[in-house]
Amino acid sequence: MPKQTIVTMPGDGIGRAVMQEALRVLDASGFEANYVEADIGWDFWCNEGNALPDRTVKLLAEHQVGLFGAITSKPKEEAAAELADHLKGKGYVYASPIVGMRQHFNLDICIRPCHTYKGNPLNFIRRGLHGEIEEPEVDVVVFRQNTEGLYCGVEWSNPLGIVYEALKSHKNFVKNFGMVPPEEIAVSTRIFTRKATERILRAAFEHAAQNGYRSVTLCEKPNVIRETSGMMYNMARQIQREYPAIELWNTNIDAQMMWLTKNPEDYGVIVAGNMFGDIVSDGFAGLIGGLGFACSANIGDQVAVFEPTHGSAPKYADYPVSIVNPIAMIESACMMLDHLKQPERAAKIRRAVASVIAEGRVRTYDMLKMKGSPDVLRHGAASTREMGDAVIKELLMNNEQ
């Protein structure tokens, strides 16, 4: 069989450092692939006016599997100010390249697992009834609708003409904003479609059924956001009838953020729209050690892109030796292996990561609860490379047994 071609997109900041470790681990696992590096990120915005060049889109369309590192994003005015001089004033508007990829390829199903590792000093703990310390095991998978909702980009500042007239057709707009001048109004829409909503709900229920989860929790706000959240809740109730062994729980996003630190072990699969899915997945990531452990998959009908959910952390990018935790990137590579029908190889890598964490000899600065700086290496923290080395060593030892 020909080797799979993987489009690697290191991106900005620490993206290249964590990508390098993920590729080293994949090589050590025996995974054979051709890697083609694609252009993406801040430098291409500044110098070309496009953070997601067409040539990268073409590569993804051709090879259909991407491994993505991290990007830097800045607000509209700051982004415009950093354009090269020959591009300024020519109508370029910054858009997030990962959002662009999701929408261009309809990567509408986002999967974000949040699982605790035994021995991780960053795991969430609480006090029990008699004052004892409890460390609940978190095993949550968040399914986030990836292309619609508040992130769909249908927005206006100073909404004039037919947009303003359409807004005025709603009685609540007239009541609450009818006296506000249009130039003082900014509008962001939250659009849900039945097709995309059904796809994410079915993906969540199917994952729960295939992996032994007893519940799917819809995390929205149907009591207030009645049209969009309400539609999703009603569809979830209909789909649940096809999965009678799986309970459907309904929680509001604000209450969920409280309950996730009260009884996180009770939750299994969580499904939500774009914004609320982003929020709740970061909340659960905090219980398993933070974004250094948070991986994700963006799945479409043809193209799939895998990425850690952390940012580019530019303040760490120029350190002489990289200190950041590569586990989220390594775990994202494991999700890619699952997608490529190599779950046994992915499981071996995950076991190696778990062994390194449980042993506790090699820990990056975040796992030692240090403030990030170049000095952490002198105080016992492992570098990005050293963490990769430890995982590879454990992986090779397991292969020999």
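The values are calculated or read from the model by the stated rules, or taken from the named source; none is laboratory data. Values in this document were obtained by computation on a predicted structure and should not be read as measured data. We place every Cβ from the backbone using ideal geometry, glycine too, and count neighbours over all the protein chains shown.
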Residue 103 passes all but one of the listed conditions (1) in contact (Cβ under 8 Å) with a residue 60 or more places away in the chain; (2) surrounded by 15 or more Cβ atoms within 10 Å (Cβ to Cβ); (3) not aliphatic (A, V, I, L, M); the exception is number (1)
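Are there any helices (runs of 4 or more DSSP H) wholly within segment 2-76 with 3 or more residues that are out of contact with any Leu (no Cβ under 6 Å at 6 or more places or on another chain) and aromatic (Phe, Trp, Tyr), and if so which? Even if it seems obvious, please write down each step before you answer.
Working: elements: 15-28, 42-48, 54-63.
It comes to 42-48.
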Selection within segment 366-390 - touching a residue at least 40 places away in the same chain (Cβ under 8 Å) and either closer than 15 Å to residue 292 by Cα or in contact with a Pro (Cβ under 6 Å, 6 or more places away or on another chain) (or both): 366, 367, 368, 369, 372, 381, 383, 384, 385, 387, 388
Please go through segment 115-148 and pick out each residue that is more than 11 Å from the chain's Cα centre (by Cα) and assigned to a strand (DSSP E or B). 115, 126, 127, 133, 134, 139, 140, 141, 145
I need a count of the residues in segment 257-296 that are surrounded by 21 or more Cβ atoms within 10 Å (Cβ to Cβ) and in contact with a Gly (Cβ under 7 Å, 6 or more places away or on another chain). 3
In the set 376, 353, which member is buried (at least 21 other Cβ atoms within 10 Å of the Cβ), among the aliphatic types (A, V, I, L, M) and at pLDDT 95 or above? 353
So, first residue more than 13 Å from residue 278 (Cα to Cα) in segment 250-261, second residue acidic (Asp, Glu) and in a helix (DSSP H, G or I), Cβ within less than 9 Å, six or more apart or across chains; the pairs are 259/266
Among the residues of segment 316-326, is there at least one that is touching a Cys at 6+ places or on another chain (Cβ under 6 Å) and modelled with pLDDT of 95 or more? no
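Rundown of residues vs (1) assigned to a helix (DSSP H, G or I); (2) within 21 Å of residue 257 (Cβ to Cβ), yes/no style:
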{"site": "187", "(1), (2)": "no, no"}
{"site": "197", "(1), (2)": "yes, no"}
{"site": "205", "(1), (2)": "yes, no"}
{"site": "209", "(1), (2)": "yes, no"}
{"site": "216", "(1), (2)": "no, yes"}
{"site": "224", "(1), (2)": "no, yes"}
{"site": "233", "(1), (2)": "yes, yes"}
Looking at the structure I just gave you, is residue 43 in the same structural domain as residue 333 (by TED's automatic domain parsing), charged (D, E, K, R), in contact (Cβ under 8 Å) with a residue 12 or more places away in the chain and under 22 Å from residue 302 (Cβ atoms)? no
